[in-house]
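Below is one structure, written out as structure tokens; comments come after it.
What follows is calculated from the coordinates using simple rules that are stated; it is not laboratory data. All values derive from a computational prediction rather than experimental measurement. Every residue, glycine as well, gets a Cβ built from its backbone with ideal geometry; the counts of neighbours run over all protein chains shown.
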Amino acid sequence: MLDIILLISGLAFFALSIGYALACERPLEEAQMTLDYSLAALVTAGLLVYLTVALLRPERF
Amino acid sequence: MTAIGWLQILIFCAIIVALTPLVGGYMTRVFGGEWTPLSPVLRPVERLLYRAGGVDETHEQHWLTYTVAMLLFHVGGFLILYALMRLQGVLPFNPAEQSAVAPDLAFNTAMSFITNTNWQNYGGESTMSYLVQMLGLTHQNFLSAATGIVLAVALIRGFARASAKTVGNFWVDVTRCTLYILLPVCIPYALFLVWQGVPQTLGAYVDATTLEGAKQTIAVGPVASQVAIKMLGTNGGGFFNANAAHPFENPTALSNFVQMLSIFVLGAGLTNVFGRMVGNTRQGWALLAAMGVLFVAGVAVTYWAEASGTATLHSLGLAGGNMEGKELRFGVASSALFAVITTAASCGAVNAMHDSFTALGGMIPLINMQLGEIIVGGVGAGLYGMLLFVVLTVFIAGLMVGRTPEYVGKKIEAREVKMAMLAILILPLMYLGWTAVAVIYPPAVASMANAGPHGFTEVLYAYTSQTGNNGSAFAGLTGNTPFYNTTGALSMLVGRFWMIIPAMAIAGSLATKKKVAARERNV
């Protein structure tokens, strides 16, 4: 099971890298917007997890 | 410090400078597809390989195709190497009956060798079978080194070409680099090492009885063939745990000196390739001179610090330099020189334990790596790293004097500067970020052998080394844990490939630009 997780992680990195290369090829403004959206998505996902945990287990905070 | 010590350093620098145009000239011919003295023998082999792989050698690739081909090539390398380590227990050439490598360690090691890092959270002689050492690790030593070199050449083509859409063909470049440069040097080099006393055998480990009557198992194996490429390709991963401090990897003063030369020779030669390909060899020498200034400063500080010793040693009545962690047969000068070379280049082989260096002596290897290993650097990686800094420098200088920045006839514009920043900033983001996580995560803290600032430096050094694809270590840290194996692997991947991608984007962008005429430049 751990083998599969690690192999998928490795392959995911390379897939992400190909995406990164494609983003570098696009016009700079477009790539910047993609980066902005990606960062916003990451922050949103992080906040979602944090607020859900804080809602369910407020005693931890 | 001694006169002999300084003489060694001086001779080393002189030989590298002398070899640079010779190696650079040969490499330029190889990557230009020109005739070389080896062509009568190797050209038929090369053609055969293209035919077998379905490669059209006349077809050149856009930078994106070139980069994606490189990434897919590494996916294959990762899968094969991981499988070899996990299955080594049932595969042949395993006289010491090594069992399967643990998943997280196999993951870290696979990523380490495909990225030219060769960070080792294991002892080679007690973990890996001969098959893995040869077919897995040595094989990747060749391919990762070739990858670094060809990416630098692709970036140089970006500077050298005008109004072009392509930067070369990845498959052709890797084939030519391996066939014409790495293999022809490594074969006689390995034979030289055998002559010096390095083992090269598929026989089992040798049982011996010591003078006290104790039984001892002496590890041997196909060592010379691995050592040759690990130095020439700036890979650095040792066959043995002690790396180049082990007498079977580095037996004599001569083997030590040649190994140091071989770490630098291709990286220095690439600066000359740059000068030749852009049509101005002085630009190549300028790059080498900038690297040389940083290198000499680093060697001087490290040698002085190690030769001075420490106040603690002096208070104990121990006169002379700091010999903790150093081989007596190499002494302070060779150990200090080796440490600076191996971290200036992204080699990572060690002939002394960096963890035992004085505070200042240990600081220089760390600084070398945190600079991005641009002082000659890893084969290829050093040059494209240095060129990223050149792009930034030219841009800043252009701002200061109020002129459009340009370099070797190419205008440096917003796109190139932004890509250079992306490539450069990813390195500190990784090693500082993971260090911060490691020092507050209790299982990671438990891996430190030393408390306080030295323990912190061990962690910082580990992530810096892995992110910079160096592979040397402050050995006090126990890195073979799931946390360090997985986060270290991620550091190596990001440090390698997410620096390469923007660098290749710069290559593609520059290649499409016209050359600024000299007349226009002088206005």
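One table, with the values for the structure above:
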| read-out | value |
| --- | --- |
| Shielding score for B:499-509, defined as the mean number of other chain Cβ atoms within 10 Å | 3 |
| Degrees separating the helix B:359-370 axis from the principal Cα axis of chain B, which is the longest one | 40 degrees |
| Electrostatic dipole magnitude of region B:1-142 [Cβ: Lys, Arg +1; Asp, Glu -1; Cα centre; debye, to 20] | 140 debye |
| Helix-only mean residue ellipticity at 222 nm for chain B, each DSSP H run of n ≥ 4 adding -39500 (n - 2.57), per residue, nearest 500 | -20500 deg cm²/dmol |
| Counted charge near B:Phe474, where neighbours are those whose Cβ lies closer than 10 Å (Asp, Glu -1; Lys, Arg +1) | -2 |
| Net +/- balance of residues flanking B:Gln98 in space, Cβ distance below 14 Å, scoring K and R +1, D and E -1 | -1 |
| Exposure proxy ranking, count of Cβ atoms within 10 Å, fewest first, for B:Lys410, B:Lys418 | B:Lys418, B:Lys410 |
| R0 of 25 Å, Cβ-Cβ distance B:Phe389-B:Leu254: FRET efficiency to nearest 0.05 | 0.10 |
| Computed FRET value (nearest 0.05) for B:Val437 with B:Leu72, which takes r as the C-beta separation and R₀ as 25 Å | 0.25 |
| Anisotropy class of region A:2-60 from Cα gyration tensor, a/c 1.5 cut | oblate |
| Region B:3-521, relative contact order [Cα under 8 Å, separation at least 6], % | 20 percent |
| Added length on full extension, which subtracts the Cα-Cα distance from 0.36 nm per residue, B:Ala414 to B:Lys165 | 87.7 nm |
| Net length gained if the chain between B:Val296 and B:Val17 were fully extended (0.36 nm per residue, minus Cα distance) | 99.1 nm |
| For region B:3-521, alpha-carbon Rg and Dmax in angstrom | 22.5, 81 |
| Angle in degrees between helix B:223-232 and the longest Cα principal axis of chain B, rounded to the nearest 10 | 40 degrees |
| Peptide-level mean, for A:2-12, of C-beta atoms on other protein chains within 10 Å | 5 |
| Whole-angstrom gap from region B:137-208 to region B:360-384, using each part's C-alpha centre | 20 Å |
| Whether the protein assembly as shown is rounded, prolate or oblate, judged on the alpha carbon gyration tensor where a/c under 1.5 counts as rounded | rounded |
| Neighbouring partner chain Cβ atoms per residue of B:98-110, average, 10 Å criterion | 2 |
| Label-point gap, in nm, between A:Leu35 and B:Val445 - each point 7 angstrom along Cα→Cβ | 3.5 nm |
| Rounded FRET efficiency, nearest 0.05, which uses the C-beta distance separating B:Leu316 from B:Thr217 and R0 of 41 Å | 0.70 |
